[in-house]
Structure formats: structure tokens, C-alpha cells
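Report on the structure given below.
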Amino acid sequence: SVDNGNRFQVSGNSKFNTATNNNIVIENAAHNTLTNLTSAITFSRIDGVSNLSAIFGWNNGGIAIAGRQGIVFATGGTSVYSNTIQRMILNDIGNLGINCAGTNARLEVVSTTGEVFRADASGGAYRIVADQTGVFISGKLNLAALPTSPAGLVAGDVWNNLGILNIV
């Protein structure tokens, strides 16, 4: 029904067909491990199989985004959402890729210009920056638990020889 404010009021689940076998359903959320769930917007696959991805509320103020094959964040582009550019992907095994189509690493950040990574502490007194020319460290650098002999190391490995750093 439609109330006087031109809003839909529906009891129970609501299903919208956007094209043949493309469905959006508003329903109570369900999840195998998350609790304190609220409502969900679920999406079907193009063949009509339902509940493969969803956006839903949980824990009195949180929001969950669930997708069987991963979650993509797209921004920028021109004028409409279909022109946005994939900027980040969280794939189905938990790997996160930023500025790349996909990744086999737990975290992969790709950039062809500027800084790729920055970590600051104490207002920038301790900093690690990776950019197109190298990795820069400012502040104290602690290389703890280094091997004390070159046995089993390969070229480029660092070892501690009585307080003197050595490179294999």
C-alpha cells in the first residue's frame, strides 16, 4: 500500500524483478555466523538463483556486504555508476587488491605514479613510504630476530654477525 506521504508500506518480504530472472528482494537478513541481524536487500544471479549477495544491517548499527564471488568498489568515471572504475576488490578467499583487477596476495596495492603505500606514527616521526623509486624509512628501524649465520640463506638475505649486519 501507499501511505499519504507516497511511501510504500509492505508487511513481509518484497520482491522486485528488474529483468528476466534479475531479482531484488527486501527481507529479514540471515547469516551463518553474524548475529543481531536486521533487514537485507538481496540480489539474484542472472539465471534467477537468489540470495547470492546482499547488503544487510547487523549488531544495532553495523552494515554488512556479502558476496559469494567477492566485493568490488568502483569510483570515479563520468556521470553514471556504469562508468565508474574498479578501484578495489575483496575476493572470495579474503584477498584485497587495490587498483588491480584481482590478486593472489593477501594485500596488493598497485600504482604507476606517486606513493603506493604510507604508514605514519607519532605525527610522521616514524614513517614507511613506498613509491615508484623505492622504500623509505624514517625514524628508528629495528631488525629483530635476524639469523646469526648465513647458513641456509640466499642472495640478498640479511644476517647478524655479532652486531654487524651482513648481506648474503
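In the set (1) at positive phi; (2) at pLDDT 95 or above, the condition left unmet by Ser79 is number (2). Of the strands (runs of 3 or more DSSP E) lying entirely inside segment 21-80, those containing at least 1 residues that are open to solvent by 80 Å² or more (accessible area, probe 1.4 Å) and closer than 25 Å to Thr103 by Cα are 62-67, 70-75. Restricting Val109, Val154 to residues that are free of Cβ contacts under 8 Å to residues at least 24 places away in the same chain and within 26 Å of the chain's Cα centre (by Cα) narrows the list to Val109.
Out of curiosity, is Leu96 within 27 Å of Ala74 (Cα to Cα), modelled with pLDDT of 90 or more and open to solvent by less than 90 Å² (accessible area, probe 1.4 Å)? It is true that Leu96 is within 27 Å of Ala74 (Cα to Cα), modelled with pLDDT of 90 or more and open to solvent by less than 90 Å² (accessible area, probe 1.4 Å). Within segment 1-8, none of the residues are of a type in the set (Phe, Trp, Tyr) and either within 24 Å of the chain's Cα centre (by Cα) or modelled with pLDDT of 90 or more (or both).
Scanning segment 56-76 finds no residues that are more than 22 Å from Ile41 (Cα to Cα), β-branched (Val, Ile, Thr) and at pLDDT below 95. Within segment 114-144, track down each residue that is under 25 Å from Ile71 (Cα atoms) and either of a type outside the set (A, V, I, L, M, F, W, C) or touching a His at 6+ places or on another chain (Cβ under 7 Å) (or both). Once the filter is applied, which keeps residues that are under 25 Å from Ile71 (Cα atoms) and either of a type outside the set (A, V, I, L, M, F, W, C) or touching a His at 6+ places or on another chain (Cβ under 7 Å) (or both), segment 114-144 yields Glu115, Arg118. Evaluate the following for Phe73: is it within 24 Å of the chain's Cα centre (by Cα) and closer than 30 Å to Arg127 by Cβ? So Phe73 fits the description; yes. The residues in segment 81-93 that are closer than 25 Å to Asp131 by Cβ and surrounded by 15 or more Cβ atoms within 10 Å (Cβ to Cβ) can be counted, and the count is 4.
Strands (runs of 3 or more DSSP E) wholly in segment 105-168 with at least 2 residues that are surrounded by 10 or more Cβ atoms within 10 Å (Cβ to Cβ) and of a type in the set (D, E, K, R) - which ones?
117-121, 126-131
State which residue is nearest to Gly48 (Cα to Cα) when the search covers only segment 11-20 and only residues that are open to solvent by 90 Å² or more (accessible area, probe 1.4 Å) and assigned to a loop (DSSP other than H, G, I, E, B). The qualifying residue nearest to Gly48 (Cα to Cα) is Thr20.
The values are calculated or read from the model by the stated rules, or taken from the named source; none is laboratory data. Because the structure is predicted, anything quoted here is derived from the model rather than measured. A quick note on method: Cβ atoms are made from the backbone with ideal geometry, for glycine too, and the neighbour counts reach across all protein chains shown. Ligands, DNA and RNA are excluded from the accessible area calculation, which covers all protein heavy atoms including side chains. Shrake-Rupley method; radii C 1.70, N 1.55, O 1.52, S 1.80 Å.
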